[in-house]
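The values are calculated or read from the model by the stated rules, or taken from the named source; none is laboratory data. Just so we're clear, the structure is a prediction, and the values are computed from it rather than from any experiment. Note that we place each Cβ from the backbone using ideal geometry, even for glycine, and neighbour counts take in every protein chain shown.
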Amino acid sequence: MSANTAGGKEQQSTAFAVSSRRLVVEGADVFVKEFTLVDQEEVPWHHHSEVFDIFYCLEGRMTIELRDVFTAESLPTLALSAGESARVEVGTAHRPFNPGPGKLRFLLIQGVGQYDWLPFQPK
């Protein structure tokens, strides 16, 4: 992987905005981003067609709701505290959010493949 270090440059998505979304490292098919979400803030429901997501909680508490992208069936919710991580596979719709109280900071490692962000409407 040939990666460019982005130095934590602020980079909001065109699909949604959160308190902070910083690009840490960008490669041809892998990205590392640092997010900060305030109390009750979320990344809206979405999924990816190629890349998986690894969430690593740095500070606070994190909840990740999951659904099967094809059936919309609810899957077990993930709850992370600082120092814990979880992987969300391709084909799984997800909604990471900060249940509070306080601030949530986490790293998001995405790969391997072409990045996309596809909105998802849970039924």
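Surrounded by fewer than 18 Cβ atoms within 10 Å (Cβ to Cβ) and assigned to a strand (DSSP E or B): does that describe GLU50?
no
Among ARG21, ARG67, which is the only one that is modelled with pLDDT under 95, closer than 26 Å to PRO122 by Cα and part of a strand (DSSP E or B)?
ARG21
Take the residues of the stretch 73-122 that are in a loop (DSSP other than H, G, I, E, B) and without any contact (Cβ under 8 Å) to a residue 40 or more places away in the chain: which is farthest from ARG61 (Cα to Cα)?
Among them, the one singled out is GLU73.
GLY111 versus (1) more than 18 Å from ALA15 (Cβ to Cβ); (2) at pLDDT 95 or above; (3) of a type outside the set (A, V, I, L, M, F, W, C): which is the lone unmet condition?
(2) is the only condition that GLY111 fails.
Within the bounds of the stretch 18-27, is there any residue that is farther than 23 Å from THR77 by Cα, out of contact with any Asp or Glu (no Cβ under 7 Å at 6 or more places or on another chain) and in contact (Cβ under 8 Å) with a residue 60 or more places away in the chain?
Scanning the stretch 18-27 turns up at least one residue that is farther than 23 Å from THR77 by Cα, out of contact with any Asp or Glu (no Cβ under 7 Å at 6 or more places or on another chain) and in contact (Cβ under 8 Å) with a residue 60 or more places away in the chain.
Just name the residue that is nearest to the chain's Cα centre (by Cα) out of those in the stretch 77-96 that are surrounded by fewer than 18 Cβ atoms within 10 Å (Cβ to Cβ) and hydrophobic (A, V, I, L, M, F, W, C).
Residue satisfying both the conditions and the ranking: ALA86.
Residue check: is LEU104 buried (at least 16 other Cβ atoms within 10 Å of the Cβ) and over 26 Å from ALA28 (Cβ atoms)?
For LEU104, the condition - buried (at least 16 other Cβ atoms within 10 Å of the Cβ) and over 26 Å from ALA28 (Cβ atoms) - is met.
State which residue is farthest from VAL24 (Cα to Cα) when the search covers only the stretch 107-121 and only residues that are surrounded by 12 or more Cβ atoms within 10 Å (Cβ to Cβ) and not hydrophobic (A, V, I, L, M, F, W, C).
Among them, the one singled out is GLY113.
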